[in-house]
């Protein structure tokens, strides 16, 4: 209802001959990547104004986290950016480790690096798939999914889940890699660069692809900081800002990799940056796999991590058995957590994902703030689309690589 | 603590206290004059990347050392010195407002909208302060500590209507 | 008198046969498309409904027939009802004019080429009217796009065909094929390479196929002009699209690839070469659908007005010059 | 009744005249076969499960084998796969999308969140899509694997095949 009123309000002042054309895109629309809704004011096909409306997937994760254990909140992090769950897990774990002042074993660090780089490849593959599909190249979509399936199978070997891993724990990771996983990963690392070349031959030199992506949504470096773009979108504009280099976490300080940078800051540059990042991630995984053999037999979970402390010290049997569910374990409020606050950020595939946690000493976080890249990127859509056409809008949504679970939390 | 000292001499009225945390310096500021401080940080000191802006509700927080209920927390980052700075502005419950920094970062626009949506903190000078995550006619501010996590009774009106309509007609 | 009756009988029989055969072709074209694209995308394609999925088009058709036909409240009802029929009839009638082989053409009229051109531009009316009548903004945008597209591509296409007419000296499709067989190259593809190029691109645009499927761009306009259509009315649009492909391929074969003529005679199957050529062109349509991204609206206009129409004009000029000299 | 005596049953419900190429069947069987064979879901992803839905449609699992292709507009879809968490803000829109679909229409609640709200028992999430939609099939899992979705679709096909006289009296 409010929308109709809004339209009427906007139309009132104008000459009736030049009535603007309003278009409502979403929440059910094939190319808004979920439940994003865009309220567009058009002139012909050119976008005059664009108002993104989000919140259709707001699930109250931040509120829910205040009612769960620190370890349990990691489960919620999976559902944030569900394409790269492992990276989100790492972000949460890093913040909690900073709070608990835990030291993570080196092997766990390496494994986390591998897992989050795999998440980056997964996410970029899905991005390429949907971006290409939005622009109309249908086959790339299916090729990308084919390769993504391979990675998901490896994930399944690692932790038993395809999308929502909950593999990373506070103070390490859940369990060690099996030898088969390492073999399979080596095979993947060998094969994957060829697949990237495949995709590039399909679209890279395609004239239509170039026409659709070059000089679309050009963002200068200064503008990019102003809009808060991070990740590949910022690097496409020529800024070499990468959290992995600037505030290294896990094993990123000991591996070599380059940060690709674009020149023009258009959609094509962002595409290029992500394609190079795919290769870089592949390289990082390879290095980490090589280093993994050095740390054979180490623990993968810190000894004083709350994951290990939990069973005997914090849980206790509730006094009254539940009428239906029987005896239940009730987490006891035990002050194992120091009072204070911690902030950790990672370079998630979409951009900078940061977690700010405030603790009051109980076993639950007092406040858990998640800064997600998609939220900021969606807020940049109105600035980026001005003067472009509907077809470009679709390309811009694709190039920002947004996930609505990530933005709405 | 170097930055704190510098800020203290430059803006003695604004800066309240400062301490070192695990990940960087924390500076607690007053509301009045905060805009000048953050503008100076952005333009002169090179803190060009606003990572985060969020609110925190400290209702019933046991180790609390201050009076105000809310806190608005800013995280800014300096790319050249690789330095993270956390700025805090405490906001009392009676008149929950804070100056908007949308003139400095367009990015802050939605962060502030979200903060308003979740805590009810009004940002003065914001061009378009609406709810962003919750529906426009939602009652209450969900991330406040006195808001229940889940309650059957206090439902959003259109959803209630929808469910009742379905129960009646199928 | 007897002559008339027997003529009428053969005419009706031919029409019925052609209608059934071409409808089956259209139905199975959807199946072929799904199968071929699936193979190109390393999938299997339909294989559960009937043996090897062969009954898939029948199942789709039957389901769409028995589905609810929604008429939204605010639509312009008469136009909404009639638009899919305009689309289908205009797209499909053209097949009656195409000579399948020397002695089989349902309606052998002297202005055959002109008639097909007229029909194909009329079929755009179905699209535009449905976009207008649906009272949906997506459909409206789709209709607008379709009208702009038709205007710009019709001209390029007519220019390409005009050179063929110039070469053959006739508008009758049968005569065009005969003229081709008697020409030194046997097909007009070689002397009219530019014309063929222009024609085939315009034909793809005319049928609203990828990379020119802007009126129904699924990722932009949801389903474009038929966004509000459901059930059988939607199926009519679907049929019209594939019928259009069929007619355009048949026209290309007739005008550029030498119609029913082939390198050697196949006994008892005089339409063999015609069908083979049509299938090859249809495969080409499907192939580009699987590979190419979609153009943007203004880029499409650019291509039409700045590339194809000048090319068509140059081609026409060159053809006329050659005709004048020899 | 005479038909039944002189024919043999070659499949449940499908009868054939012995020695003749004539299949006697009821119109229900044919229509249900067609409906089960071309079940077009709506491209409508809500959350995590949508990614698995896309994976199911893609190369490795390939829903096209069963004649299932995704349609973008609700007017041309038969099946609404509610893939993911339905929040209260989203619920009226999901219902509207369902209302826009033509009869006969089916709903699969995919994932724990759509079935019951899942782990999100919060102020913003609708506790199960069945509070405002008639659900045909519940598919639990967080998210369900593509195999599970395929199984659900096959089960739905079985359900469709058991329907009777659902051809046209909704007008």
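The values are calculated or read from the model by the stated rules, or taken from the named source; none is laboratory data. The model shown is predicted, which means the values in this text are computed figures rather than measured ones. Virtual Cβ from ideal backbone geometry, glycine too; neighbours counted across all protein chains shown.
Some points to look at:
- Members of the range C:65-87 found to be closer than 19 Å to residue C:27 by Cβ, surrounded by 22 or more Cβ atoms within 10 Å (Cβ to Cβ) and more than 8 Å from chain D (Cβ to nearest Cβ), listed by number: C:84, C:87
- Hits in the range D:54-72 (condition: within 20 Å of residue C:222 (Cα to Cα), touching a residue at least 12 places away in the same chain (Cβ under 8 Å) and at the interface with chain A (Cβ under 10 Å from one of its Cβ atoms)): D:57, D:70, D:71, D:72
- Of the residues making up the range C:193-205, those that are farther than 19 Å from residue C:291 by Cα and touching a helix residue (DSSP H, G or I) at 6+ places or on another chain (Cβ under 6 Å) are C:194, C:195, C:196, C:198, C:199.
- Inter-residue pairs, beta-carbon under 9 Å, first more than 14 Å from chain A (Cβ to nearest Cβ) and in the range D:122-147, second surrounded by fewer than 18 Cβ atoms within 10 Å (Cβ to Cβ) and assigned to a loop (DSSP other than H, G, I, E, B), 6+ apart: D:134/B:170
- Enumeration of residues in the range C:15-39 that are crowded, with 16+ Cβ neighbours inside 10 Å and within 14 Å of chain A (Cβ to nearest Cβ): C:33, C:34, C:36, C:37, C:38
- Among the residues making up the range B:40-54, those that are over 18 Å from residue A:227 (Cβ atoms) and not in a loop (DSSP other than H, G, I, E, B) are B:40, B:41, B:54.
- Any helices (runs of 4 or more DSSP H) falling wholly within the range C:127-244 and containing at least 2 residues that are modelled with pLDDT of 80 or more: C:137-168, C:173-182, C:193-206
- Which numbered condition residue A:62 fails, given (1) modelled with pLDDT under 85; (2) assigned to a helix (DSSP H, G or I); (3) surrounded by 15 or more Cβ atoms within 10 Å (Cβ to Cβ): (1)
- Flag for residue C:275 being in the same structural domain as residue C:195 (by TED's automatic domain parsing) and either surrounded by fewer than 21 Cβ atoms within 10 Å (Cβ to Cβ) or within 16 Å of residue C:26 (Cα to Cα) (or both): yes
- Scanning the range D:73-88 for residues that are in contact with a strand residue (DSSP E or B) (Cβ under 6 Å, 6 or more places away or on another chain) and either more than 9 Å from chain A (Cβ to nearest Cβ) or within 20 Å of residue C:33 (Cα to Cα) (or both) returns D:77, D:79, D:80, D:81, D:82, D:83.
- Checking A:86, A:119, A:132 one by one, the residue that is in contact (Cβ under 8 Å) with a residue 40 or more places away in the chain, out of contact with any strand residue (DSSP E or B) (no Cβ under 6 Å at 6 or more places or on another chain) and within 8 Å of another protein chain (Cβ to nearest Cβ) is A:132 and no other.
- So residue B:82, is it surrounded by fewer than 19 Cβ atoms within 10 Å (Cβ to Cβ), touching a helix residue (DSSP H, G or I) at 6+ places or on another chain (Cβ under 6 Å) and farther than 22 Å from residue A:370 by Cβ: yes
- The combined condition, being within 15 Å of residue D:113 (Cβ to Cβ), at pLDDT 85 or above, facing chain A (nearest Cβ under 9 Å) and not in a loop (DSSP other than H, G, I, E, B), is fulfilled by residue D:94.
- None of B:143, B:79 is within 12 Å of chain A (Cβ to nearest Cβ), within 23 Å of residue B:27 (Cβ to Cβ) and touching a residue at least 24 places away in the same chain (Cβ under 8 Å) except B:79.
- Per-region count, the range C:292-308, residues surrounded by 19 or more Cβ atoms within 10 Å (Cβ to Cβ) and in a helix (DSSP H, G or I): 5
- Condition met for residue A:365 (under 15 Å from the mean Cα position of the chain (by Cα), closer than 22 Å to residue A:97 by Cα and either surrounded by 24 or more Cβ atoms within 10 Å (Cβ to Cβ) or at pLDDT below 85 (or both)): no
- Residue check for residue A:245: assigned to a helix (DSSP H, G or I) and under 26 Å from residue A:132 (Cβ atoms): no
- Meets criteria (at pLDDT 85 or above and either out of contact with any helix residue (DSSP H, G or I) (no Cβ under 6 Å at 6 or more places or on another chain) or surrounded by 15 or more Cβ atoms within 10 Å (Cβ to Cβ) (or both)) for residue C:260: no
- Residue A:175 vs. criteria in contact (Cβ under 8 Å) with a residue 40 or more places away in the chain, under 24 Å from the mean Cα position of the chain (by Cα), within 14 Å of chain D (Cβ to nearest Cβ) and more than 26 Å from residue D:113 (Cα to Cα): no
- Qualifying residue in the range B:121-131 (condition: more than 16 Å from residue B:91 (Cα to Cα) and facing another protein chain (nearest Cβ under 8 Å)): yes
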